[in-house]
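**Q** Questions regarding the structure given below will be posed in turn.
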Amino acid sequence: MKRFALVSSALLLIAISAFAQNERKAIRKGNNAFEDKDFVESEVQYRKALETNIHSFKGKFNLADAQFKQEKYDDALKTMDEINQTGLSSTQKAMIYHNKGNALFMQQKFQESIDAYKNALKLNPNDSETKYNLSEAQRMLKQQQQQQNKDNKDNKDNKDNKDNKDNKDQNKDDKKDQDKKDQNKDQNKDQQDKNKDQQQQDQQPKISKQDAERMLQAIQNNEKDIQEKMKQEKAKAAKVRVIKNW
């Protein structure tokens, strides 16, 4: 039984060694492809290494790098979150936060990238690359905030200008409506005056044709009487002047 156990242990060790060799071989191929900038192939090889050892730190870390190079930033962040940090050194943990900061920076999530870089520096305070990236993220965050403030101000100014224009347009429309009302009012007044004149005319007593002829005849007769009287007065005056003119 002991012999059987010893043989079994030996077989287990050989199997573990074979798995380790396959993992290292896949990672090595992935690294070669990465150096050749064939990031798709490097991702394939790193995934093969993880099929052999799902907890491989190198496999996960390098896979996230390959995804980052392909601009698959969300995938890279997810891969880094899946790394089991138990047993890792401070330097290894700092490397994870550094790369997280890079992925967040590329997504323009500058505040989150700043937090990641600061976490990296807590674990590895002397990392000059992380310090540089932190200063760049802080600079970009300030720029972003300034741009947002400018955009907010521009939007407010545009809104105020639009409101003023709408008010002016409304005032113009109101004036047009008032002018139209005044015009209609004048037209109504003219029509009312016409109606009033017509009503007054309608209310005047109507004269028949016979009455009109009689009135015309009377006027003519009256004019004859007046002319006759004027002739008589003129003749009388002439006589008087003749008598006095001696």
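**Q** Look at Lys159 and say whether it is in a helix (DSSP H, G or I), open to solvent by 50 Å² or more (accessible area, probe 1.4 Å) and of a type in the set (Lys, Arg).
**A** It is true that Lys159 is in a helix (DSSP H, G or I), open to solvent by 50 Å² or more (accessible area, probe 1.4 Å) and of a type in the set (Lys, Arg).
**Q** Next up: Got a sec? Which of Ala49, Ala137, Ala66 is buried (at least 17 other Cβ atoms within 10 Å of the Cβ), farther than 20 Å from Asn31 by Cα and touching a residue at least 24 places away in the same chain (Cβ under 8 Å)?
**A** Result of the check over Ala49, Ala137, Ala66: Ala137.
**Q** Would you check if Ile54 is in contact with a helix residue (DSSP H, G or I) (Cβ under 6 Å, 6 or more places away or on another chain) and either closer than 24 Å to Thr130 by Cβ or of a type outside the set (Lys, Arg) (or both)?
**A** no
**Q** Only residues that are touching a helix residue (DSSP H, G or I) at 6+ places or on another chain (Cβ under 6 Å) and either β-branched (Val, Ile, Thr) or assigned to a loop (DSSP other than H, G, I, E, B) (or both): list them for the range 21-51, please.
**A** Ile27
**Q** Further, regarding this structure: Might you let me know whether the range 87-99 holds any residue that is open to solvent by less than 20 Å² (accessible area, probe 1.4 Å) and either out of contact with any helix residue (DSSP H, G or I) (no Cβ under 7 Å at 6 or more places or on another chain) or not aliphatic (A, V, I, L, M) (or both)?
**A** no
**Q** Can you confirm whether Lys78 is open to solvent by 40 Å² or more (accessible area, probe 1.4 Å), part of a helix (DSSP H, G or I) and over 30 Å from Ala20 (Cβ atoms)?
**A** no
The values are calculated or read from the model by the stated rules, or taken from the named source; none is laboratory data. Everything numeric here is computed off the predicted structure, so don't read it as measured data. Cβ atoms come from the backbone with ideal geometry, glycine included; neighbour counts cover every protein chain shown. Note: accessible area is taken over every heavy atom of the protein model, side chains too, but ligands, DNA and RNA are not part of it. Shrake-Rupley method; radii C 1.70, N 1.55, O 1.52, S 1.80 Å.
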